[in-house]
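Peer 1: First the structure, which I've put down as structure tokens, then a few questions once you've had a look.
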Amino acid sequence: MGECLKLLIFGTLVNLGTCLDFTQTVFGSATDGVPAAFGDFNSDELTDMFMLRDDFKTVQIFLGSDTEPLLKEGPKCTFKNLRISSVVPGDFDGDAFMDVLITVRSNEKDKLGIFINWGGSSYMNCTGEEEKILDVHGEPMVLDYNNDMVMDLFGLETETHKRTFWLFHKDRSKPEVRQMPKDHKAELRLPHSHAFIDLNHDFTADLFITTDREFEVWNGTERHDGFIFSHTIELPTGLNEHVGQAIFLDAELKGNINLVLPICFDRKCANSTILVHNGHKFHDLEVNFKDPDNKQWGFVIPDDDTQKKMY
């Protein structure tokens, strides 16, 4: 036991005190694997964890419990010859049971295969390796395109790299393909930080898209015909180094969702800051990244492959 964690809050480093290792309390003896997602798989109002195990070939659900261990081993599915890159829980057939969408890597750069393990009340139907639903270029984003309470996907079509929506159906048939309008066709960033979020306070989720040179905002509609282009948000001028992934939060606690953007002014990220967009322009929070011992903190420098895809 000792000093464990410090948290940066509005430019001030706050010591969170001491901590204890309670891994065994949470996981029991099943401590191998990588957390990939959270959700209430079995609808018992306890949070479950989706773990990647066996060198990313197995996805297993650890079911939440109110007794130790707090996460107990649950259903799992394994691919013998495929490597899982991400897991997205959601209802992709409208039966009110949580399904598990899985993306797997291929030999082609940025090409990912999409599989879905269809869920039941307490089980998963493991999909075979020959039951791939579609291929996408880069990780897709999950959203509800047509307001039918069934999850859909947005991303890049593999061959043409066109912006595409894939609409899922309640009968689990092959998803319907909808191409995005040809206007405002800047290249999407990979990896992206798109968002499906209500930005104009009309109680309808909008589509926030990250591209290689700007952000796009597409307003959602109550009709079932997708999104209408609204405006772009230009990246801050004079920044030609690292621009991080966008996130959203209510920075001023006024009920407004703000775009938050970490950036680096130099290639080594020695000079970093955090920007907040107030709906009109970016503001520099002028974060002090030095701790009380005068050690400089900052953001992780993207590797070469990531830089080529993002900038």
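Peer 1: Restricting attention to the stretch 117-172, which residues are over 25 Å from A205 (Cα atoms), charged (D, E, K, R) and free of Cβ contacts under 8 Å to residues at least 40 places away in the same chain?
Peer 2: E130, E131, K132, D135, E159
Peer 1: If you don't mind, another one. Open to solvent by less than 60 Å² (accessible area, probe 1.4 Å) and either under 17 Å from the mean Cα position of the chain (by Cα) or over 11 Å from F154 (Cβ atoms) (or both): does that describe P175?
Peer 2: Against the criterion (open to solvent by less than 60 Å² (accessible area, probe 1.4 Å) and either under 17 Å from the mean Cα position of the chain (by Cα) or over 11 Å from F154 (Cβ atoms) (or both)), P175 qualifies.
Peer 1: Just a yes or no: is a residue in the stretch 124-133 closer than 29 Å to G64 by Cα and in a strand (DSSP E or B)? It would help to see each step written out before you state the result.
Peer 2: We begin by selecting, within the stretch 124-133, every residue closer than 29 Å to G64 by Cα; these are 124-129.
Now narrow it down to the ones that are in a strand (DSSP E or B): 124-125.
Yes.
Peer 1: Cβ-Cβ below 9 Å, separation at least six or inter-chain, first residue in the stretch 213-229 and at pLDDT below 90, second among the aromatic types (F, W, Y) and surrounded by 13 or more Cβ atoms within 10 Å (Cβ to Cβ): which pairs?
Peer 2: Qualifying pairs under 9 Å: T221/F227; H224/Y145; G226/Y145; G226/F165; G226/W218.
Peer 1: Could you please find all residues in the stretch 143-154 being open to solvent by 10 Å² or more (accessible area, probe 1.4 Å) and within 18 Å of the chain's Cα centre (by Cα)? Don't jump to the end; show me each part of the working.
Peer 2: First, pick out the residues of the stretch 143-154 that are open to solvent by 10 Å² or more (accessible area, probe 1.4 Å): 144-149, 151.
Correct list: D144, Y145, M151.
Peer 1: Next question. Residue check: is E108 part of a loop (DSSP other than H, G, I, E, B), within 19 Å of T58 (Cβ to Cβ) and out of contact with any strand residue (DSSP E or B) (no Cβ under 7 Å at 6 or more places or on another chain)? Steps first, answer last, please.
Peer 2: On the way: part of a loop (DSSP other than H, G, I, E, B): yes; within 19 Å of T58 (Cβ to Cβ): no; out of contact with any strand residue (DSSP E or B) (no Cβ under 7 Å at 6 or more places or on another chain): yes.
Answer is no for this residue.
Peer 1: Please work out which residue is farthest from V136 (Cα to Cα), limiting yourself to the stretch 153-207 and to residues that are at pLDDT 90 or above and β-branched (V, I, T).
Peer 2: T204
Peer 1: Also, quick follow-up: Out of all the residues in the stretch 197-254, which are open to solvent by 50 Å² or more (accessible area, probe 1.4 Å), within 20 Å of L156 (Cα to Cα) and not in a strand (DSSP E or B)?
Peer 2: D212, R213, D225, Q245
The values are calculated or read from the model by the stated rules, or taken from the named source; none is laboratory data. Since the structure is predicted, the reported quantities are computational estimates derived from the model, not experimental observations. Every residue, glycine among them, receives a Cβ derived from its backbone with ideal geometry; neighbour counts consider all protein chains shown. Surface areas here come from the heavy atoms of the whole protein model, side chains and all, with no ligands, DNA or RNA. Shrake-Rupley method; radii C 1.70, N 1.55, O 1.52, S 1.80 Å.
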